[in-house]
Amino acid sequence: MLAGAVAFLIGSILNGVAMNIGVLIFGRLLLGVGVGFANQSVPVYLSEMAPASIRGALNIGFQMAVTIGILAAGLINYGTAKIEGGWGWRLSLVLAVVPAVVMTAGSYLLPDTPNSILERGQPEKARQMLQKVRGTQHVDAEFQDLLDATEAAKKVDQPWTSILQPRYRPQLVLCILIPFFQQLTGINVVMFYAPVLFKTLGFGDDASLMSAVISGIVNVLATMVSIYSVDKFGRRMLFLKGGAQMFIFQIAIGTMIAVRFGVNGDGELSRWDANILLLFICAYVAAFAWSWGPLGWLVPSEICPLEIRSAGQGINVAVNMIFTFIIGQVFLSMLCHMKFGLFFFFAGFVVIMTVFVYYFLPETKNVPIEEINQVWKQHWFWGKYIPDEGLVGLSRNDEGRDT
């Protein structure tokens, strides 16, 4: 986290003072390094630190920060676009220094997780940290789970090759498909290009930026819903309900654009039509924000055993960033060629991913992170891949978690 924060800080400064395109691109590359490091480390950190009963809510704090950042960026862009003299873009970019400084200071002050401390051979320090973050001296059962997981991890020298073994097939498949599906929801069509999309549909310049801000506000509020409900109703319920809502409103958006603009793209939106379309888009954004948005980071960070956790999260981030890049590059061409069909395209993928979750994703609510393999073992499809010796804490389940 600290390494990523420093890269983000340097990149922000370079973007603000850039005098040519080369410096600007180099600054952007450093921002990419910072984002990559943070996306890899923060969800895992939160999942390892959090008690099982509130792991989902605390982990979604990461996505909450992301949505607040998206909203802040929209507000900043709305304000700096009005600055005369052609330097508003520079202010917009250099203000990234503010979260970069917070991230740098925060990561410097944060302690390591008990899992990480134990894996580096400091059991007493790990126990003390676990007692501190749990607020109790009675952590024997959970600490034993960590010890068992650490012993299993020591037998794995190369997590990047080990994750290819059949015993880790469920984690590998989910760490690839969840970020892949997350991007194929089409959310970045809205979040990256909201001003362009709204302007194309007939909104004015100011209205386009303000509409992007409105969708950003909805994003933040809906993420709060996820924080409240993820440990109460579970991951699967949010995935399934969110998928259904996204599908409905993507079809509604595509149909409305088809009716108003047709296959030739000729037409216009009345003020009433524009407001209805904005409502549909906000409903779609809300569905993503309390389902695939936060859960796309939460679930991969909690399903991998300690010995492959870093590799699993690394794969999750890499797949996510690769498809973020691809969709960001091809969206405008797809919009020009497919027009309203683009929303039907993404709606089709939402159906596929929702069916996949229904059949292949077990519920991990309230399960201690080092005992997740027990959930895989009980699954109708994945159970055959999990060996009995890979189960941590099995003998203590009947005794309960609390002492």
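Remarks
- Selection count where residues are within 20 Å of Ser226 (Cα to Cα) and either without any contact (Cβ under 8 Å) to a residue 24 or more places away in the chain or in contact with a Phe, Trp or Tyr (Cβ under 7 Å, 6 or more places away or on another chain) (or both), scope the range 27-58: 5
- Filter result (over 23 Å from the mean Cα position of the chain (by Cα), surrounded by 16 or more Cβ atoms within 10 Å (Cβ to Cβ) and assigned to a helix (DSSP H, G or I)) within the range 1-23: Ile10, Ile13, Leu14, Asn15, Gly16
- Here is the figure for the range 118-156: residues that are more than 14 Å from Leu306 (Cβ to Cβ) and acidic (Asp, Glu) total 2.
- Filtering the range 4-12 for residues that are more than 21 Å from Leu306 (Cα to Cα), among the aromatic types (Phe, Trp, Tyr) and in contact with a Gly (Cβ under 7 Å, 6 or more places away or on another chain) leaves a non-empty set.
- Subset tally (residues that are touching a helix residue (DSSP H, G or I) at 6+ places or on another chain (Cβ under 8 Å) and among the basic types (Lys, Arg)) for the range 110-133: 2
- Filter result for Glu84 (open to solvent by 70 Å² or more (accessible area, probe 1.4 Å), part of a helix (DSSP H, G or I) and at pLDDT below 95): no
- Selection within the range 257-272 - in contact (Cβ under 8 Å) with a residue 60 or more places away in the chain, open to solvent by 40 Å² or more (accessible area, probe 1.4 Å) and in contact with a Gly (Cβ under 7 Å, 6 or more places away or on another chain): Glu268
The values are calculated or read from the model by the stated rules, or taken from the named source; none is laboratory data. Source: prediction; values computed, not measured. Methodologically, a virtual Cβ is constructed for each residue, glycine included, from the backbone with ideal geometry; neighbour enumeration extends over all protein chains shown. Remember, those area values only see protein heavy atoms, side chains included, never the ligands or the DNA or RNA. Shrake-Rupley method; radii C 1.70, N 1.55, O 1.52, S 1.80 Å.
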